[in-house]
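Just so you know, all these numbers are worked out from the coordinates, no wet-lab data involved. These numbers were taken from a predicted model, which means no experiment stands behind them. Quick reminder, even Gly has a Cβ in these numbers, built from the backbone with ideal geometry, and neighbours come from all protein chains shown.
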Amino acid sequence: MRYALGAILMLAAMPATAAEYEINLYTGLQESPHSEVSGTDETGTPFDFTAGWNGNSFEAPPYYGARVTRWQDNNWGFGLEFTHAKVYADDETLADSGFSVLEFTDGINIVTVNASRRFELSERWSAHAGLGLGVSVPHVEVTTPGGAETYEYQLTGPAVRWFAGASYSLTERWSVYGEYGGTYSVNNADLEGGGSLDTNILTNAVNVGVGFSF
C-alpha cells in the first residue's frame with residue numbers, strides 16, 4: 001500500500017501544464033460473486049471447489065480506495081488508483097472445503113494505472129468513466145484442512161478495473177460523487193509448507209466519495 005500511495009504523491013507533484021489534478025477518496029458497498037478455488041495443500045494434496053464470498057464492506061478493516069487523476073483540457077485523464085477490497089469465504093464454503101480460514105481481508109489490494117474520460121453535463125454536474133490495468137497485492141489469509149497457516153502480503157497477478165459515475169461540484173475545489181466500480185484480479189498465491197492457491201476474483205462496488213481539485 002505504501003508504494004501505491006508514494007506513486008500517487010509523485011504523480012501529484014509533477015508540474016501541471018494545461019492540466020488539472022484531482023484526488024478522490026471513497027468507500028462504499030462491495031461484494032463478490034462465487035469463484036473457483038484450486039491448488040494443492042502443504043502435503044501436495046490437490047483441492048478444487050467453488051467458493052462463496054462475503055464482502056463485509058463496513059467491518060474492520062473497511063472497504064476504501066484512493067484515486068489521483070491528471071485531467072487534460074480535452075477532458076481525458078490519466079492517473080493511479082489503489083483499492084482496498086476484501087473477500088471472506090462464507091460458512092458453507094469453509095464447511096465443505098475443510099479450510100478453517102480462507103480470506104483476503106487486508107485485503108484484495110488492487111493498484112492500477114487508469115485512463116479516464118470526463119463529460120461536463122452542467123455548471124455543477126459531470127459524468128466520468130474509466131479503465132485501469134495493474135496488479136493484485138492481497139493479504140493472503142489461509143488455513144488449510146491440515147492446519148498450515150498463511151498470513152502475508154503477496155504479489156499474485158494482474159488486475160483490471162472499470163468505473164463510471166457522476167460528480168457534483170460543491171465549490172471550485174471540492175466535489176462529491178457516486179459511481180459503480182468493478183475489478184477483476186488473478187490471484188496465484190503461495191501457501192505455507194509449499195502449497196498453492198489459485199482464484200480469480202471479481203468485485204462489484206457502489207462507491208461514494210469526495211474529490212479535491214487543484
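Placing unit charges on the Cβ atoms of the charged side chains and taking the dipole of the chain about its Cα centre, the candidate lying farthest along the positive direction among GLY195, SER38, PHE163 is PHE163. Between GLN72 and THR50, the modelled label-to-label distance comes to 4.4 nm, taking each label 7 Å out from Cα in the direction of the beta carbon.
By how many degrees, between 0 and 90 and to the nearest 10, does the Cα long axis of helix 2-12 differ from the longest principal axis of the chain? Taking the Cα atoms of the chain, the angle to 2-12 is about 10 degrees. Distance from the Cα centre of the range 187-212 to that of the range 56-104, in angstrom? Taking the Cα centre of the range 56-104 as reference, the centre of the range 187-212 is 6 Å away.
Electrostatic bookkeeping for VAL87 treats Lys and Arg as +1 and Asp and Glu as -1; over the other residues with beta carbon under 11 Å from its beta carbon, the sum is -3. Here the peptides 191-199, 91-99 are ranked by packing, the mean other Cβ count within 10 Å, and the order with the highest first is 191-199, 91-99.
Net charge in the neighbourhood of ASP106 (other residues with Cβ under 13 Å of its Cβ; Lys, Arg +1, Asp, Glu -1) is -3. Ranking TRP174, PHE49, VAL140 by Cα position along the charge dipole of the chain, where only Lys, Arg, Asp and Glu carry charges on their C-beta atoms, puts TRP174 farthest toward the positive end. Exposure proxy for ILE110, ILE201: other Cβ atoms within 10 Å of each Cβ, ordered fewest to most, give ILE201, ILE110. In the frame of its principal axes, the chain has Cα extents of 61, 30, 24 Å, reported largest first.
The GNM of the chain, with springs linking C-alpha atoms under 10 angstrom apart, assigns the highest mean-square fluctuation among THR50, THR150, THR171 to THR171.
Dipole size of the range 2-213 about its Cα centre, with +1 on Lys/Arg Cβ and -1 on Asp/Glu Cβ: approximately 1220 debye, rounded to the nearest 20.
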